[in-house]
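Below is one structure, written out as structure tokens, with a few remarks after it.
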Amino acid sequence: MRGSGSPSGLVTPDIFASRPLENSFNFSFGRVAFDDGQQVDSKLSGLVASKKRKGPSDPRTALEAAKKKRARINGLDEEKKAEIVEKDAWLNAKKKAHGEKVRDDESLLLKTLKRKKKTKLKSEKEWNERLEGVQHGKEMRQKKREANLQKRRDGKKDKKNKVKSSKVKKPAKKVKRPGFEGSFRSKAK
């Protein structure tokens, strides 16, 4: 180094010397990822599509895949079988360490299937009850409407009958001419 007084006389590069520009921008602070899974590329110029997950996403296909895999492994000889089981264990451990979910336990997948089936049946039952309730409500409103219309019709008939009966019972009044009904003389008597 310069000025270090080293007797070897070796010249080492100065730490304060200017460096070429292309090397000074070769760094990354980390990944920028959004909630929808997209990530910004390393140059921050555009978006990179998220990687698709490998393996089945729903429990039914995951269970079928696990059963096929187990059947394939059981068909192999013991040495090869042990090697594959150990390799799978390490792969699953790596996946779990990276935060991925490993869906290969058949008993858990069966439980998940049963739970989903049960919730689906419950939802279907609730929906049918709701439809029945809506239908019942419609029928009740229709009955109430019919009853009100019938009551109105009966009321009109009763009014007509009362009007007819009142005309028959009462004697006809003497029709008075307009302008002469309330004479002052008749009230004075």
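The values are calculated or read from the model by the stated rules, or taken from the named source; none is laboratory data. From a predicted model like this one, the values you see are computed outputs, not experimental measurements. When we count neighbours, we look across all protein chains shown, and the Cβ atoms used for this are built from the backbone with ideal geometry, even at glycine.
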Going through region 98-156 in order, the residues found to be modelled with pLDDT under 95, farther than 30 Å from residue 65 by Cβ and among the acidic types (Asp, Glu) are 154
Among the residues in region 161-175, are any assigned to a helix (DSSP H, G or I), modelled with pLDDT of 85 or more and surrounded by 10 or more Cβ atoms within 10 Å (Cβ to Cβ)? no
Which of the residues spanning region 102-139 are in contact (Cβ under 8 Å) with a residue 24 or more places away in the chain and either assigned to a helix (DSSP H, G or I) or polar (S, T, N, Q) (or both)? 106, 109, 110, 112, 113, 116
Could you check region 84-109 and list, in sequence order, the residues that are surrounded by 12 or more Cβ atoms within 10 Å (Cβ to Cβ) and of a type in the set (Asp, Glu)? 88, 100, 104, 105, 106
Checking residue 94 against (1) under 12 Å from residue 62 (Cβ atoms); (2) in a helix (DSSP H, G or I); (3) of a type outside the set (S, T, N, Q), which single condition isn't satisfied? (1)
Can you tell me which residue among 84, 73 is touching a residue at least 12 places away in the same chain (Cβ under 8 Å) and not acidic (Asp, Glu)? 73
Matching residues in region 71-91 - criterion: being in contact with an Asp or Glu (Cβ under 9 Å, 6 or more places away or on another chain) and closer than 20 Å to residue 57 by Cβ: 88
